[in-house]
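Down below is the structure, laid out as structure tokens.
Derivation of every value follows stated rules applied to the coordinates shown; laboratory data play no part. Not measured: the values here are computed from a predicted model. Cβ coordinates were reconstructed from backbone atoms using ideal geometry, including for glycine residues, and neighbour counts include every protein chain displayed.
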Amino acid sequence: MRIGVYGGSFDPFHNGHLSIIRGALRCGLIEAVVVIPTVRNSFKRGRVLSAAPYRFYMTKDVLESEFKDEPVYLSDIEFSIEGISYTAITLERFCDKAYIVPFLMANGVKRKRAEEDHSYFWIAGSDILPQFDSWYMPDKILKYANLLAASRPGDGIDVDSEADRLEKIFAKRPEIFKIEQVEASSSVIRKERDFDKIPEAARRFIITHDLYQADNPLDHVSDRAVESFMEAAIWMYPYLGCKRLLHTLNVGLLSCRYALIHGCDPDKALLAGALHDCAKELDIDLQRRMAEERTGDIFVEKKLLHSPAGATFASREFGVDDPEILDAITYHTTGCGNMSLLSKIVFLADKLEPSRTYADLTQMRITALRDLDEALRMCVGAVKDKFESQGRDIHPLTRDFMESLGL
Ligand SMILES: [Fe+2]
Ligand SMILES: [Fe+2]
């Protein structure tokens, strides 16, 4: 099979990306396109890019809605590669039979076809041609794949002379295909929050998760906190499904915002919020053992186990040792008496993050920006009413929490 591989940060996925994929499918040189969102981008590190799962799942939504019956597949291979995402390393792993055969079969390709020897093409815009020789290990890239560059009218690149030049250096001539002009730049879209030039599915995703806010909370935390947040997002990827992973990251960002408003440490809030549900989809017996390790038999209900278990998991596997962060994770389901400001923030952000739609949260969201305790009273008061009307027991820790809020 001739397979085109299209890597990018897709932050956000826009119409320019769509036109490259469509053009590549139509050019006749390849039979399938595999899209690989970068996880740790070598050019744009730190707070410039959204955490990898946001970009990955936005891309997934777009591909599913735009290429329903076409051979366009999404690969999460970079989540399992350590360190910066270099094309040479990604391709080496991707082209390995141990990866590509099961990957193609999982995407509906018959075994016989998946086991063939494939040829690979690295798809990109023609703007990569003038700088390709300065990429990390260009020889290695070309050992696995030829370049397949999209040329747009008026892009200012003389593709023929660039192809001649690269052929002289690497003894391999890039292939060129033509696409229509599409004006779209991820950085401009992010900055101007102008979502006209992105596919509908990406627009929906951005609105659901409130991405690219004008005042990014990550601009107000330390570099180390940004790094920890980005790494936590990658670490949790295998343990949580899409919805839960994005929820827990949303809680991190909203906790950070609340911390900045209410005078709490935004670095701690970002990490505590982001990790609060890290154990929620682990095996229930494992959750129980981890919960007991942290809090004995205080939490017995299945639904609650993940909160103390999360503290154990985050501490053991992700190396969190800050007691305040671990407490915020432990008590995010029940609350407790004498809760720290950090724990209150995570508790509330868990209920109010942007993708939550279980009730009309407008008033609570507005109140949370002004008066945290008042928002907590609204939120916990509603839980109390619901439990009482259903005749359910309220956890003793939640009772202590209510009392401390004057409920
Ligand atoms: Fe939770
Ligand atoms: Fe949660």
**Message:** If I require 15 Å or longer along the helix axis, counting alpha carbons, and a Kyte-Doolittle average no lower than 0.5, what helices from the chain are left? Use full DSSP H segments.
**Reply:** 242-262, 341-352
**Asked** Per 10 Å bin, what is the whole-percent P(r) computed from every C-alpha pair distance within the chain?
**Response** 4, 20, 28, 21, 15, 8, 3, 0
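Pulled fully out, how much extra length does the chain show between Ile207 and Glu324, if you take 0.36 nm times their separation in residues and subtract their Cα-Cα distance?
39.0 nm
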**Asked** How would you order 10-23, 57-70 from highest to lowest mean count of nearby Cβ atoms within 10 Å?
**Response** 10-23, 57-70
**Message:** How large is the Kirkwood hydrodynamic radius of the stretch 101-180, counting all unique pairs of alpha carbons, in Å?
**Reply:** 14.0
**Prompt:** Relative to the Cα centre, what is the charge dipole magnitude of the stretch 223-404, using +1 at the beta carbon of each Lys and Arg, -1 at the beta carbon of each Asp and Glu, and rounding to the nearest 20 debye?
**Reply:** 560
**Prompt:** If you take the beta carbon distance between Glu31 and Lys112 as r and set R0 to 25 Å, what does 1/(1 + (r/R0)^6) give as a FRET efficiency, to the nearest 0.05?
**Reply:** 0.95
**Request:** Evaluate E = 1/(1 + (r/R0)^6) for Gln131 and Glu231, where r is the Cβ-Cβ distance and R0 equals 35 Å; express this FRET efficiency to the nearest 0.05.
**Result:** 0.80
**Prompt:** If one puts a single equal scatterer on every Cα of the stretch 95-246 and applies the Debye formula without solvent, what log₁₀ I(q)/I(0) results at q = 0.12, 0.14, 0.16, 0.17 Å⁻¹?
**Reply:** -0.90, -1.14, -1.24, -1.23
**Item:** Computed over the chain: relative contact order in percent, which uses C-alpha pairs under 8 Å that are six or more apart
**Value:** 13
**Request:** Can you run the Rg to Rh ratio on the stretch 2-202? Use alpha carbon positions and the Kirkwood inverse-distance Rh.
**Result:** 0.93
**Message:** With 10 angstrom as the radius, rank Thr312, Thr330, Thr367 by how many other C-beta atoms surround their C-beta, starting from the fewest.
**Reply:** Thr367, Thr312, Thr330
**Complete:** With +1 on the Cβ of every Lys and Arg and -1 on the Cβ of every Asp and Glu, the dipole magnitude of the stretch 58-208 about its Cα centre, in debye rounded to the nearest 20, is 400
**Request:** Please work out how much length the chain gains when fully extended from Ile394 to Asp373, using 0.36 nm per residue of separation minus the C-alpha to C-alpha distance, in nm with one decimal.
**Result:** 5.6 nm
**Prompt:** Based on Cα positions only, what radius of gyration and what Dmax would you give for the stretch 223-404, in angstroms?
**Reply:** 15.3, 48
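For a Förster distance of 41 Å, can you work out the FRET efficiency between the beta-carbons of Lys172 and Leu286, rounded to the nearest 0.05?
0.25
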